[in-house]
1. Only residues in segment 359-370 that are assigned by TED's automatic domain parsing to the domain that holds residue 385 count as the first member; pair them with residues that are exposed (fewer than 11 other Cβ atoms within 10 Å of the Cβ) and modelled with pLDDT under 90, Cβ under 7 angstrom, at least 6 apart or cross-chain, and list the lot.
2. When the residues of segment 340-381 are filtered to those that are within 27 Å of the chain's Cα centre (by Cα) and surrounded by fewer than 17 Cβ atoms within 10 Å (Cβ to Cβ), which remaining residue is farthest from residue 292 (Cα to Cα)?
3. Given the condition more than 46 Å from the chain's Cα centre (by Cα), over 30 Å from residue 299 (Cβ atoms) and loosely packed, with under 12 Cβ neighbours inside 10 Å, answer yes or no: does some residue in segment 411-428 qualify?
4. Check 353, 401 and return the single one that is outside the structural domain of residue 268 (by TED's automatic domain parsing), assigned to a helix (DSSP H, G or I) and in contact (Cβ under 8 Å) with a residue 24 or more places away in the chain.
5. From the list 50, 104, 91, which one is part of a loop (DSSP other than H, G, I, E, B) and either modelled with pLDDT under 90 or more than 30 Å from residue 179 (Cα to Cα) (or both)?
6. Out of the residues in segment 30-65 that are without any contact (Cβ under 8 Å) to a residue 40 or more places away in the chain and surrounded by 16 or more Cβ atoms within 10 Å (Cβ to Cβ), which is farthest from residue 210 (Cα to Cα)?
7. With the requirement that a residue be under 8 Å from residue 135 (Cβ atoms) and touching a residue at least 40 places away in the same chain (Cβ under 8 Å), what does segment 92-106 give you?
8. If a residue has to be within 17 Å of residue 70 (Cβ to Cβ) and assigned to a loop (DSSP other than H, G, I, E, B) to count, how many in segment 107-125 make the cut?
């Protein structure tokens, strides 16, 4: 039986993205790595041999759609719940009912939990008995990395499947399908969408089918029909309908770490344009500018180091400007620091040196040589502290050869200057440098 899509007033009872959800595996697009013929997950669905799994991916990539396809194409009893509303008691009841269903009817139960990352530890623990004995097949959906947001016990009992943002071609195909579908889609409104308008919808969707479809619907409904009843959707209509796409960014989740990682790697890779883009994207999404500034300070010392000692000064000044000025103006000194660091010569010799010294400090506990010990207090000299210490300022060039490391580390070199930037000149000609 066909569902009624339009009511008597001609308004849709549900958003287009909801109406266009795929009805079977063939309509699911963009996740061929998981669902192409012969893939493990597809075979498990087709053979009705599912085990507990977690679908992990960004919004609009098809997690809920895949769960509903599973419900329609297996012989399980399917129950849906949301981590926002389900309490521990409700979850325990669901597990008991699943066990009873298996005892009486030999029917397995799939429990689909949307936004499973919102479950606290008690809620997750309530699911464990049913997942453990197989009476419940858990299908969780999450936009956050389950290895961070779920307990180890639940992760170890589930298969983790990562879904990617939909490729542009898949999003374009979904839009064209919606425009041609008279039952669930928009064909009854007689839309005519310009190619550049469609391209813009695909571009701003960023792999999110929900954004793409609902933006398309808004554009079509916002276009007035002509005398023939055709709704012409041009680029301007789409721009007005879309306005500004909300950036996919969670300051507590994957996006937070992925974006800062891309930013730091762009700085390290000496790509000033990429560094500016990732910094701008984080700021536009609402990231704390102090976090970005702190990372630049660290990076200036870690990956530029003494190849350009001024990089640390510039980064520190930018961090101070963030505190003193605040956004939006602080974005300018932040951009200056990012550009300076990206363009600076690179060396990680300082980082390697302190790491190597730290390793020996942890593993070797040689005493401080007697001539380096403190002799300033009464009795120190009587203990031999400071004896035979050579005061460098009494020697030419304010340097004299003597032992500074513990006996068991004599001759060890931690700092090895690179050939990058100013680092060679900082060591060259300095008395005792590198000895």
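1. 366/407; 369/407
2. Of everything passing the filter in segment 340-381, 351 is farthest from residue 292 (Cα to Cα).
3. no
4. Working: 401 fails: assigned to a helix (DSSP H, G or I).
Just one listed residue meets the conditions, 353.
5. Values: 104 fails: part of a loop (DSSP other than H, G, I, E, B); 91 fails: part of a loop (DSSP other than H, G, I, E, B).
On inspection, the qualifying residue turns out to be 50.
6. The selected residue is 44.
7. The answer is 95, and nothing else.
8. 2
The values are calculated or read from the model by the stated rules, or taken from the named source; none is laboratory data. The model shown is predicted, which means the values in this text are computed figures rather than measured ones. Methodologically, a virtual Cβ is constructed for each residue, glycine included, from the backbone with ideal geometry; neighbour enumeration extends over all protein chains shown.
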